[in-house]
Amino acid sequence: MQFTLLTSAAVLALASSAFAGSHLWQFSEAFSSPDGQIQFIELHLPTSANSETLLAGKKVTSLATGKFVTFPANLTPPTGLKYILLATSAFAALPGAPTPDLIIPPNFFGTNGDTLKYHVY
């Protein structure tokens, strides 16, 4: 009886922690001005998964420049079909520009081609 209760508790604990995640976010767009001062990266969650919230400590990395940015906190649900905007301060200062969710430094990614990596695990 005691083993069954412990097993049931362990299964429930695993089920509740597996409910949230961060692995479904995808790059949807990136832009840079020629001088790299105005840049943005957009991530999108293309599903209705409302619990893709566990971004704290996850990184977006530029393989060309070696620069990376770390998400400082988890997201608040719902996350389904939402976007995350990472952008430079110069982008944020443009009239009518949407407010970035996270500021990245100028020349975060290479302007002559780059590979961006979203590190989940």
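Against the test of being touching an Asp or Glu at 6+ places or on another chain (Cβ under 6 Å), among the polar types (S, T, N, Q), under 26 Å from Ala20 (Cα atoms) and part of a loop (DSSP other than H, G, I, E, B), the options Thr79, Thr53 yield a single qualifying residue, Thr79.
Being within 19 Å of Thr115 (Cβ to Cβ), in a loop (DSSP other than H, G, I, E, B) and not small (Gly, Ala, Ser) is the filter; apply it to segment 23-50 and report the residue that is modelled with the highest pLDDT. Looking at the filtered set, the residue picked out is Trp25. Residues in segment 94-111 include none that are farther than 14 Å from Glu52 by Cα, surrounded by 15 or more Cβ atoms within 10 Å (Cβ to Cβ) and in contact with a Pro (Cβ under 6 Å, 6 or more places away or on another chain). Filter segment 41-56 down to residues that are open to solvent by 30 Å² or more (accessible area, probe 1.4 Å) and under 28 Å from Thr111 (Cβ atoms) and give me whichever is farthest from the chain's Cα centre (by Cα). Per the stated criteria, the residue is Pro46.
The values are calculated or read from the model by the stated rules, or taken from the named source; none is laboratory data. What you see is a predicted model, and the numbers here were worked out from it, not measured in a lab. Cβ: placed from backbone, ideal geometry, glycine included. Neighbour counts: every protein chain shown. These area figures cover heavy atoms from the full protein model, side chains too; ligands, DNA and RNA do not enter into them. Shrake-Rupley method; radii C 1.70, N 1.55, O 1.52, S 1.80 Å.
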